[in-house]
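Accompanying notes for the structure given below.
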Amino acid sequence: MNHILYPIPYTLTIGWLYPELMSTYGDRGNVICLQKRCEWRGIKTEVKNLDIGFKIYDLRNCDLVFMGGAQDRQQRIVAFDLKNKSKTLGEMIEDGTPGLYICGAYQFLGKYYKEADGRIIDGLCIFDLFTDNPGEKSQRLTGNVAVRLCHPELVSGSQQERDSDLPQNDSACTLVGFENHGGRTYLGKNIKALGTVLKGFGNNGKDKTEGAVYKNSFGSYLHGPILPKNPHFADFLIKVALEKKYKKNITFSPLDDFLELQAHNFILKKLQIG
Ligand code: GLN
């Protein structure tokens, strides 16, 4: 049975992995967006900053995980600390704890990330993918991006079939953002793409895939930050986190997303989509 949220106070603990080192191109805005969209619905949030040396216990008690991107140098520093936490993070992801991992963070979840200088950062081997950075001389994959979602459940409030009826540029089945990465990510067989590239480079500038989805964990190259201009994605993460924590279906009261969708559609228009 669906429960309307008001007036029962729900709480969510958001685990922010390495906020000092893994946050670039506005990524911290994703945490603010999640907090605000909860607050506007009377959902209490606590944000745990999980910086270098954080206790496993603090991560394990999070209902929703976020990690932003970074340059190769920061990724190398974080990799040492993250290695000791990979078992816990892997178990949480397997168990369906929702999470959003942007760019450098997304690369960490794979088998490895080959840096621009050729050194290998071992990945956590949670997502079936790997990332190669062809080096400083190669073009960086930068610019505005638009993606058509491959993951119907993510398409706000729709059934599978609704997804196919929606026009190419319907904001409910698209994501927009900004990318800037040297790494090219290649998906294996045991993982799905988050979306298909309409404009931009996405995972590798070749196979038109963008991001990856594994259980309730999402990797993406979209900075910006990604969530404010894609409120349906933010709400999906919050809904999954609440339903997992409270073990019941949750129905959200819609928010007035006029400004968010204006920003979303502005990028689609700018990229001449639809
Ligand atoms: N350093 C990685 C790369 O260049 C990730 C970049 C990022 O997180 N924006 O691909």
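What is the one condition in (1) acidic (Asp, Glu); (2) closer than 18 Å to Leu64 by Cβ; (3) touching a helix residue (DSSP H, G or I) at 6+ places or on another chain (Cβ under 8 Å) that Asp117 does not satisfy?
Result: Asp117 passes all but (2).
Mind checking which residues of segment 66-81 are out of contact with any His (no Cβ under 9 Å at 6 or more places or on another chain), within 11 Å of the ligand (Cβ to nearest atom) and over 10 Å from Ile121 (Cβ atoms)?
Listed by number, the residues that qualify are Met67, Ala70, Gln71, Arg73, Gln74.
Take the residues in segment 162-186 that are in a loop (DSSP other than H, G, I, E, B) and at pLDDT 90 or above, then tell me which one is farthest from the chain's Cα centre (by Cα).
First pass over segment 162-186, keeping only residues in a loop (DSSP other than H, G, I, E, B): 166-170, 182-183.
Subset that is at pLDDT 90 or above: 182-183.
On the way: Gly182: 18, Gly183: 17 Å.
Looking at residues that are in a loop (DSSP other than H, G, I, E, B) and at pLDDT 90 or above, I get Gly182.
Restricting attention to strands (runs of 3 or more DSSP E) lying wholly within segment 82-156, give those where 1 or more residues are farther than 15 Å from Glu210 by Cβ and within 14 Å of the ligand (Cβ to nearest atom). Quick ask: steps written out before the conclusion?
Working: elements: 99-102, 112-114, 120-122, 129-132, 141-149.
Passing ranges, in order: 112-114, 120-122, 129-132.
Need pairs with beta-carbon distance below 8 Å; first residue of a type in the set (Lys, Arg) and within segment 220-232, second more than 12 Å from the ligand (Cβ to nearest atom) and not in a helix (DSSP H, G or I); sequence gap 6+ or separate chains.
Hits for this filter: Lys229/Val176.
Against the definition (aliphatic (A, V, I, L, M), within 16 Å of the ligand (Cβ to nearest atom) and either modelled with pLDDT of 95 or more or over 20 Å from Asp27 (Cβ atoms) (or both)), how does Ile226 come out, yes or no? Lay out the reasoning, then the answer.
Numbers: aliphatic (A, V, I, L, M): yes; within 16 Å of the ligand (Cβ to nearest atom): yes; either modelled with pLDDT of 95 or more or over 20 Å from Asp27 (Cβ atoms) (or both): yes.
Answer is yes for this residue.
I'm checking my understanding of the structure. Among residues of segment 89-126 that are within 18 Å of Asn30 (Cβ to Cβ) and either among the aromatic types (Phe, Trp, Tyr) or at pLDDT below 95 (or both), which one is surrounded by the fewest Cβ atoms within 10 Å (Cβ to Cβ)?
Tyr101
Take the residues in segment 127-161 that are loosely packed, with under 13 Cβ neighbours inside 10 Å and closer than 20 Å to Ala193 by Cβ; name whichever of them is modelled with the highest pLDDT.
Taking the candidates together, the pick is Gly143.
The values are calculated or read from the model by the stated rules, or taken from the named source; none is laboratory data. Since the structure is predicted, the reported quantities are computational estimates derived from the model, not experimental observations. In this analysis, Cβ positions are derived from the backbone assuming ideal geometry, glycine residues included, and neighbour counts consider all displayed protein chains.
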